[in-house]
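The values are calculated or read from the model by the stated rules, or taken from the named source; none is laboratory data. Computed from a predicted structure; not experimentally measured. For neighbour counting, all protein chains shown are included, and Cβ atoms are generated from backbone atoms with ideal geometry for every residue, glycine included. To get the accessible areas, we keep the full protein, side chains included, count just its heavy atoms, and leave off ligands, DNA and RNA. Shrake-Rupley method; radii C 1.70, N 1.55, O 1.52, S 1.80 Å.
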Amino acid sequence: MASVKKIGFLATSLLMGSLVVSTFGQTQPPGGNPPDPNNPQQGGRRNFDPAQYRQRMMDRLKTELGATDDEMTALGPKIEKVMTLQRDAGGRGFRGRGGGGPGGPGGPGGTGGTPPPVDPNASVVQKASADLRAVLENKDAKPDEIKAKLDALRAARADAKTQLAAAQQELRGLLTQRQEAVLVESGMLE
């Protein structure tokens, strides 16, 4: 039972890690200088490597699933796809009304300036969310503009839910009964 809880924690951590990766490097302290990675008071991180973090997470998941190297080669991309679609379909993560930056309104990433550019690798849901956020930051936005962006975000999330169901079914087809049970218990599969 404890190992199943670990899988849930690992899956959640991997999702959160992917969110951190997309915003890492966008924050800057007042004055415009990048944070010193050796000064934790500035919010820097020592030698943070998102690829290594994801690899460690996948290694732990491999152990929990009891998967071979060949199985993980097949399962890894499907697991990552399911995790990404779960994030998109669920609309997880409170971003607040300041662009989601750590400083809140007026702080780094807040409403005190130009919103950060949308990552070119962002999903359709992330782009639709950024579009809605940009409209909401415009106090003079017309209700029709807001409704159009809100409808677009809802449609993108609905599409992500459809894609999620297909991705989960595809992943399920590659799993042993035990592996499926581990992923169901962790919340990755229904």
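Screening the candidates PRO102, PRO116, PRO120 for the property of being open to solvent by 50 Å² or more (accessible area, probe 1.4 Å) and at pLDDT 75 or above yields one hit, PRO120. What do you reckon, is THR73 surrounded by 14 or more Cβ atoms within 10 Å (Cβ to Cβ), of a type in the set (Ser, Thr, Tyr), modelled with pLDDT of 85 or more and part of a helix (DSSP H, G or I)? No: the conditions fail for THR73. For region 131-168, filtering for residues that are open to solvent by 50 Å² or more (accessible area, probe 1.4 Å), within 16 Å of GLU80 (Cβ to Cβ) and not hydrophobic (A, V, I, L, M, F, W, C) leaves 1.
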